[in-house]
Amino acid sequence: MRKILYTLSEIRKNQLRDLGANDKAVAEIGEKFTWIDRQIDGIGVQRSNERLAEVMTSADFTYAIQEFVQRKALPGYQRKRFNFDPLVMMDTVPNFLPVTRYQNRCGVDDLEFVGEKGQARPGSVQDGTKKQWQVWRWEKQYDFSYEALKNDDIGYFEDVASKMGESARRTLEKYVSRFYTNATTIARLVALGALYSTTGRLTTARVSTARMAYNQRTDVCSEPINAELVYIVGHSGLKDTAMQILNSTQVAELATNAVNVVSFTWIEDPYITGTAPNLPWYAFTGEQSGIVPYVLARLQGMPGPMIVRKRSDIEAVTSMLGAGRPVDPILGDFDSGNVVLKVMDVWGTHVDGTNGNMVDERGSYYSSGTAP
Amino acid sequence: MARDLQEQIAAGVRDALAQLGIALPGQHGQATQTDYMEFGSDEHRRYLGLVLVDKDDDPTGYTTYTSQSTKRIYRLEDEIGVVSLHPGMDPEKAAIIVLRQKINELEGGPPPVPDNAPSLWQPVDQFATRVV
């Protein structure tokens with residue numbers, strides 16, 4: 001538009017010059033067309049000597065301004081953790097062969113009255129309970145091409161190593177959760193009777209019942225032992241229920257002014273499956289009882305996961321027979337340029353076809369959470 | 001199936017030995033376990049603190065609850081415990097809720113093993129098997 005007005009302005013000037021108009025009349029043509037141009041653009045006259053000016057907006061730059069590319073990696077999800085550590089006894093084993101542990105699960109005989117000149121009868125000591133466990137390797141490897149690592153301009157792979165460490169912990173959490181959620185362990189607890197399992201949903205009264213079951217635990221010689229309900233482990237959906245039972249100054253489900261005397265430590269296990277309202281829960285004892293409900297064995301010298309990388313088999317040289325020097329690990333291996341990482345850990349537990357993973361069944365109590 | 005068969009055989013052997021007066025030491029199972037309590041048994045009922053109200057009994061003064069499934073009438077053995085545990089509240093309201101919960105547990109039978117319960121992990125299924 002501006003070019004058209006300018007052209008028209010010049011044509012008119014030339015016409016006036018051809019007709020012999022004076023310079024003042026020719027100059028007025030320029031001012032008049034400038035006025036028309038400003039009116040079209042909506043710009044008022046600011047100064048008397050203002051010239052015709054280009055007005056640029058983003059719309060004038062379809063490619064240079066309106067196209068914008070920004071790539072950025074967002075942080076991943078925060079994982080829900082399962083703090084299983086108090087539920088298992090940690091043990092360290094020297095190698096991958098089964099280790100044997102013995103536990104005296106009984107005291108010795110009661111004393112007996114002995115009359116005058118009488119001789120005490122001989123007592124007896126029970127044999128130990130033998131349990132075995134071993135460790136196995138748990139690993140996963142990841143291959144990245146040289147091109148993929150080089151093309152990663154947003155640091156997408158930068159947290160892969162920490163994610164690999166997280167996956168090791170997550171796998172271990174699932175492994176521990178499976179100690180007591182597997183069908184064999186549950187079937188065993190059910191077969192042990194009403195002091196080891198129930199059907200009730202998690203309520204204050206049911207926690208009290210479970211506590212009473214623990215109060216009746218006995219050793220192999222049927223003597224009472226100091227078993228106490230310490231932990232309630234449950235489906236994530238029971239968290240609010242557990243918190244309500246724990247934190248309420250009144251008995252939660254009764255909604256009255258009754259004093260709440262129930263206490264336990266709540267541990268959320270995000271890997272327990274169930275459909276509301278039938279959500280399973282477990283009650284476990286603490287280590288003060290001497291009961292070893294479950295064991296988590298680790299290999300000596302390997303207390304946690306390790307992330308390892310295959311060393312590149314490439315070396316840079318300047319002559320065929322000259323000395324070589326190491327290259328950037330991102331170059332990967334000689335054959336394919338693969339960069340190979342592996343996360344590895346070693347752990348294990350007691351596995352028994354009848355008892356499941358329970359080292360001692362006295363430390364567990366299961367509820368299917370089905371009965372209202 | 002195999003496990004059931006194994007347990008049946010083991011139970012049969014234990015029973016046969018028990019008839020001969022031979023007890024297996026150190027066994028902690030259904031047949032010889034001293035603290036075994038059968039679901040729904042009188043022992044289980046007493047453990048839950050429930051009293052079965054017979055037709056000859058007079059439950060006047062007690063809060064009772066009639067089981068929906070068996071039509072049996074129960075009362076709490078120790079209502080004072082409920083009242084002392086929940087001071088200042090309506091005893092009947094507390095008792096009826098606790099009664100219902102206990103009866104559901106008593107008559108609910110053994111808890112079911114969930115259909116989606118994972119199998120016991122064995123190292124034979126070790127390679128490329130996720131722990132789920």
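The values are calculated or read from the model by the stated rules, or taken from the named source; none is laboratory data. Every value quoted in this text rests on a predicted model; they were computed, and no experiment measured them. Cβ sites come from the backbone with ideal geometry, for glycine too, and all protein chains shown count toward neighbours.
Residue A:206 meets the conditions (1) of a type outside the set (Val, Ile, Thr); (2) buried (at least 23 other Cβ atoms within 10 Å of the Cβ); (3) modelled with pLDDT of 95 or more in every case but one. The failed one is (3). Condition check: aromatic (Phe, Trp, Tyr), part of a loop (DSSP other than H, G, I, E, B) and at pLDDT 85 or above. Does residue A:68 satisfy that? Criteria met by residue A:68.
Can you pull out every residue in segment A:174-224 that is out of contact with any Gly (no Cβ under 7 Å at 6 or more places or on another chain) and of a type in the set (Val, Ile, Thr)? Within segment A:174-224, A:176, A:181, A:186, A:190, A:198, A:203, A:204, A:207, A:209, A:218 meet the criteria.
This table checks each residue for (1) hydrophobic (A, V, I, L, M, F, W, C); (2) in the same structural domain as residue A:241 (by TED's automatic domain parsing); (3) under 30 Å from residue B:97 (Cα atoms); (4) in a strand (DSSP E or B).
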| position | (1), (2), (3), (4) |
| --- | --- |
| A:284 | yes, yes, yes, yes |
| A:291 | yes, yes, no, no |
| A:303 | no, no, no, no |
| A:335 | no, no, no, no |
| A:347 | yes, no, no, yes |
| A:350 | no, no, no, no |
| A:365 | no, yes, yes, yes |
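Within segment A:219-232, the set of residues being facing chain B (nearest Cβ under 7 Å) and either touching a residue at least 40 places away in the same chain (Cβ under 8 Å) or aromatic (Phe, Trp, Tyr) (or both) comprises A:220 only.
Applying the condition of being exposed (fewer than 13 other Cβ atoms within 10 Å of the Cβ) and charged (D, E, K, R) to segment A:1-27 and asking which residue is modelled with the lowest pLDDT yields A:3.
Residue by residue, here is whether (1) at pLDDT 90 or above; (2) within 30 Å of residue A:168 (Cβ to Cβ) holds:
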{"position": "B:84", "(1), (2)": "no, no"}
{"position": "B:95", "(1), (2)": "no, no"}
{"position": "B:100", "(1), (2)": "yes, no"}
{"position": "B:108", "(1), (2)": "yes, no"}
{"position": "B:130", "(1), (2)": "no, yes"}
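Selection within segment A:140-170: residues that are surrounded by fewer than 20 Cβ atoms within 10 Å (Cβ to Cβ) and within 14 Å of chain B (Cβ to nearest Cβ). The member of this set that is nearest to residue A:337 (Cα to Cα) is A:141.
Quick one: which residue in A:123, A:165, A:155, A:115 is in a loop (DSSP other than H, G, I, E, B) and within 24 Å of residue A:309 (Cβ to Cβ)?
Details: A:123 fails: within 24 Å of residue A:309 (Cβ to Cβ); A:165 fails: in a loop (DSSP other than H, G, I, E, B); A:115 fails: within 24 Å of residue A:309 (Cβ to Cβ).
Every option except A:155 fails the conditions.
The condition (being surrounded by 16 or more Cβ atoms within 10 Å (Cβ to Cβ), within 30 Å of residue A:194 (Cα to Cα), within 14 Å of chain B (Cβ to nearest Cβ) and among the β-branched types (Val, Ile, Thr)) is satisfied by just one residue among A:359, A:346: A:359.
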